[in-house]
Amino acid sequence: MMASSYSAKDEDGHITVTGPGGAALRSKKPENTAFKQQRLPAWQPILTAGTVLPAFFIIGLIFIPIGIGLFVTSNNIREFEIDYTGVDESSPCFNCSQNFSWNSTQPCTCSIPFSLEQSYENNVFMYYGLSNFYQNHRRYVKSRDDSQLNGHLGSLKPSKECEPYAKHENKPIAPCGAIANSMFNDTLELFYNDPNGTKILIPLRATGIAWWTDKHVKFGNPGDGLNLTAEFQGTTKPVNWRKPVYELDSDPLNNGFINEDFIVWMRTAALPTFRKLYRIISRKDNMVPTLLRGNYTLEVVYNYPVRSFEGRKRMILSTISWMGGKNPFLGIAYITVGSVCFFLGVVLLLIHHKYGNRNNSADISN
């Protein structure tokens, strides 16, 4: 039986191990370098009053103005919200909410009057909002077939992730999955009531509401997209839909899987209370506000039931700024952090002024 031997190389830290038969084996010992042996120079900050106190004051003086600016900008965004769930008996949509379900054959319509106290300038964004709707549930989020939604050839056959919304009456569902099956399908129309009593329809733009990458990269119709009826032959609509996917819009550039209402819904929300962009009201004349101050009517075709899971529905009209929609949280967070840092700086400065000289005098006397 032969014993192994080794010889060390001082110049690089490697160890050569000689095994049976004289074969040289390289050991796993790290090389003798400053990096691998952790001998690199290190810098460790020494926390003193001269370094900590300026940091607190600088953070406070920077964060507080930024927070004030963000908070004022958010407050300047005009936003109007209407809850049209129909929970109260006095609500115009009460009858619709009581008698409507997914299996209803006839849609229910309700009208909600409201007034705007201020005019809305620039483009106005119309959102629909849902509450107590958990789109972040793990099984719900997974219930989709991205290959099908991308329009790959031969991909209309749903994957197992779509179960139990993969097939209906022995036909594959397109689009499949729980997300698509629960798509929001209320129809919202906005009318302006002029002083003469005439109702003027406000034009709503249904395109430009989805992310560019979603519409042009993640979603696509099968085939060339010219004859969607033929391309979706042999498939069926989701169980809760009233019409198939190739009849979502008469515009061929906004139909099928690339319909922007459908794309917006398929981007799931992280919280149970959320809003999604529904339409855009574009400003046509720079001299005239987009929405005048006055009386309006919201016409709702009530197709989406929410009472079964104690949900709420609402319509939101909002403008935006350079920082996006109305969100005072970011400004409040900056102001809070800046104020706390500034306050701690003042407290630590007083403590240092009171006890710092005493410690120095004790050191000198010793």
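If you check GLU121, GLU169, GLU163, which single one turns out to be in contact with a Ser or Thr (Cβ under 9 Å, 6 or more places away or on another chain), free of Cβ contacts under 8 Å to residues at least 40 places away in the same chain, open to solvent by 60 Å² or more (accessible area, probe 1.4 Å) and acidic (Asp, Glu)? Break it down into steps so the answer makes sense when it comes.
On the way: GLU121 fails: free of Cβ contacts under 8 Å to residues at least 40 places away in the same chain; GLU169 fails: free of Cβ contacts under 8 Å to residues at least 40 places away in the same chain.
Just one listed residue meets the conditions, GLU163.
Taking the condition free of Cβ contacts under 8 Å to residues at least 24 places away in the same chain and either of a type in the set (Val, Ile, Thr) or open to solvent by 70 Å² or more (accessible area, probe 1.4 Å) (or both), does ARG138 pass?
It is true that ARG138 is free of Cβ contacts under 8 Å to residues at least 24 places away in the same chain and either of a type in the set (Val, Ile, Thr) or open to solvent by 70 Å² or more (accessible area, probe 1.4 Å) (or both).
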Residue count for segment 282-325, restricted to those that are open to solvent by less than 10 Å² (accessible area, probe 1.4 Å) and either in contact with a Cys (Cβ under 7 Å, 6 or more places away or on another chain) or closer than 27 Å to CYS96 by Cα (or both): 12
Restricting attention to segment 276-316, which residues are closer than 21 Å to GLU189 by Cβ, in contact (Cβ under 8 Å) with a residue 60 or more places away in the chain and assigned to a loop (DSSP other than H, G, I, E, B)? SER282, ARG283, PRO289, THR290, LEU292, ARG293, ASN303, TYR304, PRO305, VAL306
Looking at segment 58-101, which of its residues are in a loop (DSSP other than H, G, I, E, B) and open to solvent by less than 30 Å² (accessible area, probe 1.4 Å)? ILE77, TYR84, THR85, GLY86, SER91, CYS93, PHE100
Residue, nearest to the chain's Cα centre (by Cα), within segment 233-275, restricted to residues that are within 20 Å of GLU189 (Cβ to Cβ) and surrounded by fewer than 18 Cβ atoms within 10 Å (Cβ to Cβ): ASP249
Just to be sure I understand, how many residues within segment 191-208 are part of a loop (DSSP other than H, G, I, E, B), over 16 Å from PRO289 (Cβ atoms) and open to solvent by less than 90 Å² (accessible area, probe 1.4 Å)? 6
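The values are calculated or read from the model by the stated rules, or taken from the named source; none is laboratory data. Note that the structure is a prediction, hence the values are computed from the model and not measured. Please note: Cβ atoms are built from the backbone with ideal geometry, for glycine as well, and neighbour counts cover all protein chains shown. The accessibility values were calculated without ligands, DNA or RNA, using every heavy atom of the protein model including side chains. Shrake-Rupley method; radii C 1.70, N 1.55, O 1.52, S 1.80 Å.
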